[in-house]
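In what follows, a structure is listed as structure tokens, so that the remarks can point back to it.
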Amino acid sequence: MLSLMVVFCMARSPIGQTGTVHSLLKNVRALLGDSAVLDELTAAHGADSGSLRVEPTDTQGVSAVLRACAEAEVAVVPEGGGSGLVGGAGPQPFPHVLLSTRRLQTLEHRSGEPAARVGAGVTLAELERSLAPTAWRYGIDFGARDQATLGGTITTNAGGSGVFRFGTTRQQVLGLEYVLADGTVVSDLSPLMKDNTGLSLQDLIIGSEGILAIVTQASIRLWPRPEHRATVLAGFPDLDAALQASRVAARSVPIEAIEFMDGACLSAVAQHTSVAHPLEGHGAALLLESAHDDQTVALAALHDWIDATSPSATAAATDRADRARLWAFREGIVPAITARSSFPLLKFDLTLPQESLAGFLDWCTTQFGDAAWQFGHAADGNVHLNLTDVAQGERGAISDTVYRQVCALSGSVSAEHGIGRYKVAALAQQRTSAELSLMRGIKQVFDPKGILNPG
């Protein structure tokens with residue numbers, strides 16, 4: 001018998017009229033038994049009053065659920081770790097099956113091999129803990145590592161602080177297993193570094209946000225783990241000076257992270273966490289981290305950068321705990337500014353060409369003043385613009401203004417978080433009608449009934 005956990009409440013079909021969640025529940029019970037019905041998922045969870053929640057423990061379980069949903073013509077919304085920021089997963093305000101991949105926990109790594117096979121429900125933190133005793137590491141890391149799952153990062157093509165060295169998630173995936181809308185399992189988990197046999201279907205799935213298939217596991221590339229790390233937080237008079245210094249850092253091979261933040265972000269974190277501000281009075285800062293098997297080389301990379309760019313103040317660390325304290329000034333920004341805002345933060349995940357990055361940040365400051373909090377990944381042009389105190393009625397117009405400015409500068413309205421439901425209109429601003437038509441055609445091929453992540 002397939003092993004799933006199911007939570008349900010009464011529902012109607014959102015896709016056509018031929019099936020209902022009543023009949024779907026009957027099919028699930030036939031597969032799993034009555035004990036699999038555990039609790040209700042209601043409007044209190046952000047869901048329509050009729051929704052069914054399933055948590056398969058293996059690929060066969062995912063296949064069985066999707067096959068039943070296809071027959072009943074019931075919508076399926078995938079759910080990973082819940083760290084997404086664009087409304088692309090989790091309970092939705094229409095009847096649906098919420099399919100969680102959190103219990104897909106495969107984690108296989110043979111000693112000495114530069115690849116691992118990992119289930120979609122494994123978080124980045126769990127993967128790192130598993131690899132910690134080995135000579136290998138995964139190339140994707142970011143602040144939500146305790147919550148973000150491998151499946152979620154694959155379907156959003158997530159990035160993080162090391163993209164300019166290791167690439168996005170797409171560059172980490174060697175093989176992929178996924179389930180189509182009709183329950184068909186497609187599995188090619190080969191860890192080959194080179195394979196040019198036909199079209200790369202997995203590249204369509206990566207970044208597709210669950211509208212083409214449900215990812216169940218992947219073969220991922222691993223990278224050598226350096227023995228030593230060194231971190232520096234450096235102050236500059238303004239963001240323009242910080243960004244100029246970041247370009248020098250990007251040329252240094254041992255440097256793996258180049259994060260920027262404005263001075264207001266630093267002050268907010270210091271006040272929110274009641275810690276000493278290491279760069280009081282500076283308009284901007286860079287957080288750099290270098291890594292190497294030789295600690296002398298790791299430190300030399302930062303010293304050479306400091307000599308070349310002359311930041312006005314620095315705080316450096318090599319010890320794990322001290323490095324974590326410096327990283328807290330970057331990873332603690334969102335909680336710190338959330339506490340200051342009267343409304344939920346209005347968050348933007350943008351990419352700008354390097355030559356336009358400083359000008360765009362100046363535009364944001366002019367446009368939004370003290371409501372603008374600016375930070376991100378300097379080396380790849382990824383800006384996380386957050387706006388505080390924006391009322392619900394103003395959010396649409398402000399978002400449209402920002403996205404138009406980004407498109408005018410040949411940037412991207414979605415750097416690493418995806419489109420979800422929040423950025424559908426922005427997608428139409430950036431992509432041509434020909435591109436959107438091709439996307440709709442691909443969706444039709446993979447999911448002709450339109451049951452996967454509709455809306």
Study note, to complete from the structure: Log entry, pairs with first residue in segment 65-77 being farther than 11 Å from P454 by Cβ, second being part of a helix (DSSP H, G or I), beta carbons closer than 7 Å, six or more apart or on different chains, reads A68/L24; A68/N27; A68/V28; C69/L24; A72/S23; A72/L24
Revision key, fill the gap. For segment 392-432 the number of residues that are in contact with a helix residue (DSSP H, G or I) (Cβ under 6 Å, 6 or more places away or on another chain) and at positive phi is 1
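On the given criteria, is D389 surrounded by fewer than 18 Cβ atoms within 10 Å (Cβ to Cβ), modelled with pLDDT of 95 or more and in a helix (DSSP H, G or I)? Before the answer, list the steps.
Values: surrounded by fewer than 18 Cβ atoms within 10 Å (Cβ to Cβ): yes; modelled with pLDDT of 95 or more: yes; in a helix (DSSP H, G or I): no.
Answer is no for this residue.
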Check your understanding: Taking the condition over 22 Å from the mean Cα position of the chain (by Cα), touching a residue at least 40 places away in the same chain (Cβ under 8 Å) and outside the structural domain of A284 (by TED's automatic domain parsing), does Q392 pass?
Key -> yes
Review point. Out of D182, D141, which single residue is part of a loop (DSSP other than H, G, I, E, B) and at pLDDT 95 or above?
Key: D182
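For A321, are the conditions met, namely being modelled with pLDDT of 95 or more and buried (at least 16 other Cβ atoms within 10 Å of the Cβ)?
On the way: modelled with pLDDT of 95 or more: yes; buried (at least 16 other Cβ atoms within 10 Å of the Cβ): no.
When the stated conditions are applied, A321 does not pass them.
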Point to revise | Residue within segment 406-420 that is surrounded by 12 or more Cβ atoms within 10 Å (Cβ to Cβ), at pLDDT 90 or above and in a helix (DSSP H, G or I) present | key: yes
Review point. Going by the conditions given, is A213 of a type in the set (A, V, I, L, M, F, W, C) and buried (at least 23 other Cβ atoms within 10 Å of the Cβ)?
Key: yes
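The values are calculated or read from the model by the stated rules, or taken from the named source; none is laboratory data. The shown structure was predicted, so the numbers you read here are calculated from the model rather than taken from an experiment. Cβ coordinates were reconstructed from backbone atoms using ideal geometry, including for glycine residues, and neighbour counts include every protein chain displayed.
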